[in-house]
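> One structure, pasted below without further comment.
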Amino acid sequence: MTVKNTSGRWRAAGRLSALTGVLLASLSASAIAEETVRLGILTPKQGASASIGLHMARGAEIAVAMHGKKVLGKPIETIWLDEASPQVAQQNMQRMATEYKVAGVVGGNSSAATLAMMSVAEREKLPFISAGSAASEVTGTSCNRYTFRTQAPVPVQVSAIFDRLKDNKIYFFTPAYAFGQDVLRTGRAMLGNVNATEAGADEIPVNTADYSSYILKIRRAAPDAIFGALVGLDLSNFLKQWNELGMKGSVPIYEVAVSDTDFWDIGPAAATGTHVKPWYYNDDRNPAVEKEFVKAYQEAYDMPPSDKAWSGWFAMRSMLESLEKAGSTDPTKLVPAIESWRYEAGEFPYYYREWDHQLIRPALIVQVKDQISDKYDFMNVVGWSTEGEEATSTAFGTKEQIGCKMGDL
Amino acid sequence: MEILLSQAANGLVLGFIYVLIAVGLSITFGMLGIVNFAHGAFFALGAYFAYELVRLFGWPAAILSPVIVAGIGMLLEVTLIRRLYGKEPLLSLVITFALALLIEAIIRYVWGTDGKPLSPPEFLNGFVELGPIFMTRYRVAVLGATIAVLVALWAFLAFTPYGRIIRAGSRDPAMVDMLGINLPRVFTAVFGLGCGIAAIAGVLAGPLWTVSPSMAANAIMPAFVIVAIGGLGSFAGAVVAGLAVGITTALTIQFWPEASTAAMYVLMLIVLLLRPRGLLGTQWERFE
């Protein structure tokens, strides 16, 4: 009996020790968790823009790695959630704020999703840098104090390429959501500036798989040029079927806000056109820090970064440098730090304009090469939307034109 | 008028691809009573296997893709799907939906999220112009291949002993079982057949659309709409409804492109209001 009682006591002591161990372990784990700075990445993981979303997230991760994986002296923990649709993006933005308690979020590829995420950013006082949206409302009538945007807005991108459409009969080919409607509205408003006319217009539902019926319409309308804004796999599918139906080379295609992956997905045979995008990995004018980024990305993923990877990298870099400057994750300190942040590596200092949070930086004009010999190097850089600081600042519009009424912190 | 004819002909190609996807779904439902949400994933798998086979061995090897997918389908039937027979319909919906997500996740893991370029065979490059109708040779070939598959399937179901077993089993499986036919083996074969037909559609659609994980989701909704319009389990209904959806979509693009995705749902609404069983749907005692 005595032996039994003793072993029972030993078992009880063992259990107590185990329980104490578990408690201590969980306490130290939560202490470690408190010692990290959490940052959110919210980009598409599925659907037509999944490829864009993956590259954007990878770019953001490279920015974290290049920053030494630490900010404010603490390790960085990134949380990557899906921006599958505006509704999902909004729900995940809420989770970023309440469940993961992140210090800031980068991502927001589609304008519709970004607009949905922005309202959460404002309500939860969560600094958010949209790395892909281009609709004017984001930094225009729907702007708020907690949202910033890296990509040039629609009017800047459209005007960058519209000079090339002088005296043309243009067929508009735009997606049927906020961004596409903005492109169509802006393009139509600029027709008179270049003495162009409208040959036709189609607003395309997102995730359209078969474009042959649209191509038959375009063929019949016989335009001089197609001006569009399809995104992700939608653009890939269109270009692939454009080529399949023998239209490649017959009518030039101009697109805004394209991404390298849209072309990599279909291969050299179907790639064509002159386009506006934020950045290109094989551009001689890229500063040293961006060449370092290209090298780091290639080492990590065995491929060059797309422009969307750069957007993710740029947005995360500005978030990290602003956190260091703010010296805190407190949004009331972080937001002013992002507002006063400068990117000194460019042709001239790039910055988020204080009164609308739009990044002031020209967009890139690229043309698909006639002969493509590399599986990633499809483009020739043919120009920038504007040259120089003053012209760029002017191109992004005045307070009155933009219509942003920024709230308080 | 010329453009309408051209659009209608184009809609036929789209419609026939939808028919192939929907017929497999319809057969699976008719025989097994399972509404297979994973059907679109088998369509995508067909395109991905074709992409790999063409890349490694050239276009003739693409014929193996539906065989591989049918094999995967049969394996899944034996290990998972057969446990759902006779259970609540909701259970099969949830399980096959989860299966669809799993297959799509596997596709993303193996092939990545990027699209994969798959071009038509070189001998099918070029165009055919018949009066106002303008089509690529590949689209004409898709039309021909789809019709050939549908005719072969119809002949198989109508004139072979195996086809009779499937048709009888879809109406009264208990009676077929009592006649001494190994029903579980028939179920496995039917599920594999449905998956294989979806994979054929995937192989044919691969060079038209970009091969990507999201092609599964793009295929499954039109397939369900077609099955609902044509009548659950009706082979002929699926053919008629598929062509109607293809042509309706193409003509809507001509006149009201923003509504082109919604057009097939409006068509379904009208048909189901007028005839709740679908165009050629009949009473099925098993499911009443």
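> Run the reach check for A:LYS405 against lysines, Cα to Cα strictly under 25 Å, same-chain hits fewer than 8 apart removed. What comes back?
Correct list for A:LYS405: A:LYS125, A:LYS333.
> What is the extension gain from A:LYS74 to A:SER250, computed as 0.36 nm multiplied by their sequence separation minus the C-alpha to C-alpha distance, in nm to one decimal? Let's see the in-between values first.
Values: separation 176, 0.36 × 176 = 63.36 nm, distance 5.65 nm.
Extra length available between A:LYS74 and A:SER250 comes to 57.7 nm.
> Once the dipole of the range B:2-287 is set up with Lys and Arg at +1 and Asp and Glu at -1 on Cβ about the Cα centre, which of B:PRO173, B:LEU272, B:PRO213 lies farthest towards its positive end?
The residue sitting most towards the positive pole is B:PRO173.
> Also, quick follow-up: Using helices alone, I'd like the mean residue ellipticity at 222 nm for chain A: each DSSP H run of four-plus residues gives -39500 (n - 2.57), total over residue count, nearest 500.
-14000 deg cm²/dmol
> Rounded to the nearest 5, what is the percent of antiparallel bridges among the DSSP beta bridges in chain A?
30
> Could you give each residue of the range A:161-167 its phi-based ³J(HN,Hα) in whole Hz, using Karplus coefficients 6.51, -1.76, 1.60 with θ = phi - 60°, and x for Gly or Pro?
So the Karplus estimates, Gly and Pro as x, are 10, 5, 4, 7, 10, 4, 6 Hz.
> Here is a follow-up. Tell me, B:LEU45, B:LEU150, B:LEU91 in order of fewest to most beta-carbon neighbours within 10 Å?
Numbers: B:LEU45 26, B:LEU150 19, B:LEU91 12.
Fewest to most other Cβ atoms nearby, the residues stand as B:LEU91, B:LEU150, B:LEU45.
> Starting from the amide H of A:LEU39, placed 1.01 Å from N in the peptide plane, find each other amide H under 5 Å away whose residue is 5 or more places distant or on another chain.
For A:LEU39, the qualifying residues are A:GLU77, A:THR78, A:ILE79, A:ALA103.
> What number, in nm² with one decimal, is the all-direction average of the projected area of the convex hull of the alpha-carbon atoms of the protein assembly as shown? Can you show the working numbers first?
Numbers: hull surface 156.6 nm².
Hull-based average projected area comes out at 39.2 nm².
> Label points 7 Å out from Cα along the Cβ direction at B:ALA168 and B:ARG185: separation in nm?
The answer from the label model is 1.5 nm.
> Scan around A:ASP202 for amide H atoms under 5 Å from its own, H built in the peptide plane at 1.01 Å from N, and keep only partners 5 or more places away or cross-chain.
A:PHE172, A:PHE173, A:THR174
> Springs between alpha-carbon pairs under 10 angstrom, Gaussian network model over chain A: which of A:SER136, A:SER322, A:SER340 fluctuates most?
A:SER340
> Next question, about the same structure. Please report the relative contact order for the range A:155-277, taking Cα pairs under 8 Å with a sequence separation of at least 6, and give it as a percent rounded to a whole number.
The normalised contact order for the range A:155-277 reaches 27 percent.
> Would you kindly derive the ³J(HN,Hα) couplings of the range B:204-213 from the backbone phi angles with the Karplus curve 6.51 cos²θ - 1.76 cosθ + 1.60 (θ = phi - 60°), listing them in order in whole Hz, with x for Gly and Pro?
Per residue, the Karplus-derived 3J(HN,Hα) values read 5, 7, x, x, 8, 9, 6, 6, 8, x Hz.
> If you take the C-alpha gyration tensor of the range A:155-277, multiply each eigenvalue by 5 and take the square root, what semi-axes do you get, largest first, in whole Å?
Working through the eigenvalues yields semi-axes of 20, 16, 14 Å.
> Relative contact order of chain B, please, whole-number percent, based on alpha carbon pairs below 8 angstrom and at least 6 residues apart.
It rounds to 38 percent for chain B.
> Indicate, rounded to the nearest 5 percent, the antiparallel portion of the DSSP beta bridges found entirely in the protein assembly as shown.
Antiparallel bridges make up about 35 percent of those DSSP assigns within the protein assembly as shown.
> With +1 on each Lys and Arg Cβ and -1 on each Asp and Glu Cβ, and nothing else charged, work out how big the dipole of the protein assembly as shown is about its Cα centre, in Debye to the nearest 20.
Charge dipole, the protein assembly as shown, about its Cα centre: 2180 debye, nearest 20.
> Restricting to DSSP loop positions (anything but H, G, I, E, B) with no more than 16 other Cβ atoms inside 10 Å of their own Cβ, which GluC sites (Glu not before Pro) remain in the range A:318-372?
Passing sites in the range A:318-372 are A:GLU344, A:GLU347, A:GLU354.
> I would also like to ask the following. If you find the alpha carbon centre of the range A:280-305 and of the range A:211-252, how far apart are they in angstrom?
31
> To the nearest 10 degrees, how steep is helix A:50-66 against the longest Cα principal axis of chain A, on a 0 to 90 scale?
60
> Find, to one decimal place in angstroms, the Kirkwood hydrodynamic radius of the range A:63-145, where the mean of 1/r is taken over every pair of different Cα atoms and then inverted.
13.2
> Another one. Using a Förster radius of 41 Å, what is the FRET efficiency between A:VAL289 and B:ASP177 based on their Cβ-Cβ separation? Nearest 0.05, please.
Working: r = 72 Å, r/R0 = 1.75.
Using R0 = 41 Å, I get an efficiency of 0.05.
> Pop out the Kirkwood hydrodynamic radius of chain A from its pairwise C-alpha distances, inverse of mean 1/r, in Å to one decimal. Kindly include the intermediate steps, with their values, before the conclusion.
Working: mean 1/r = 0.0446 Å⁻¹.
About 22.4 Å for chain A.
> Pick out which of A:LEU216, A:LEU230, A:LEU359 has the largest mean-square fluctuation in a Gaussian network model of chain A, springs linking Cα atoms closer than 10 Å.
A:LEU216
> Follow-up. Nearest 20 debye, what's the magnitude of the dipole of chain B about its Cα centre given +1 on Lys and Arg Cβ and -1 on Asp and Glu Cβ? Numbers along the way, then the final one.
Working: 15 positive and 13 negative charges, 95 e Å.
Once rounded to the nearest 20, the dipole reads 460 debye.
> Expressed as an acute angle from 0 to 90° and rounded to the nearest 10, what is the orientation of the C-alpha long axis of helix B:89-111 relative to the principal long axis of chain B?
Orientation of helix B:89-111: about 50 degrees from the principal axis.
> For labels at A:ALA269 and A:GLN401 in the simple 7 Å Cα→Cβ model, what's the distance in nm?
Those two pseudo-labels are separated by 4.4 nm.
> Looking at this model, which pairs from A:LYS169/A:LYS369; A:LYS74/A:LYS101; A:LYS45/A:LYS375; A:LYS70/A:LYS325 are more than 19 angstrom apart at the alpha-carbon?
A:LYS169/A:LYS369; A:LYS45/A:LYS375
> In debye, nearest 20, what is the charge dipole magnitude of the range A:155-277 about its Cα centre with +1 on Lys and Arg Cβ and -1 on Asp and Glu Cβ, if you could check?
320
> May I pose another question? Using just the helices of chain B, give the 222 nm mean residue ellipticity in deg cm²/dmol: DSSP H runs with n ≥ 4 each add -39,500 (n - 2.57), and the total is spread over all residues, rounded to 500.
Value at 222 nm, helices only, nearest 500: -24000 deg cm²/dmol.
> On a 0 to 90 degree scale, rounded to 10, what angle separates helix A:111-124 from the longest Cα axis of chain A?
Between helix and principal axis, roughly 40 degrees.
> Next up: Order of A:PHE396, B:PHE97 from fewest to most other C-beta atoms within 10 Å? The partial results should precede the final answer.
Values: A:PHE396 22, B:PHE97 15.
Ranking A:PHE396, B:PHE97 by Cβ neighbours within 10 Å, fewest first, gives B:PHE97, A:PHE396.
> So what J values fall out for the range A:242-250 if you push phi through Karplus, 6.51 cos²θ - 1.76 cosθ + 1.60 with θ = phi - 60°, rounded to Hz, Gly and Pro as x?
4, 5, 4, 8, x, 8, 4, x, 7
> Amide H neighbours of A:LYS169 under 5 Å, at least 5 residues apart or on other chains, H built in the peptide plane: list them.
A:THR197, A:ASP224, A:ALA225
> If you take the alpha carbon radius of gyration of the range B:2-287 and divide it by 2.2 N^0.38 Å, what ratio comes out, to two decimals?
So the Cα radius of gyration is 0.99 times the expected 2.2 N^0.38 Å.
Every number in this text was worked out from the coordinates using simple rules, so none of it is lab data. Model, not experiment: these values are computed from the prediction. Quick reminder, even Gly has a Cβ in these numbers, built from the backbone with ideal geometry, and neighbours come from all protein chains shown.
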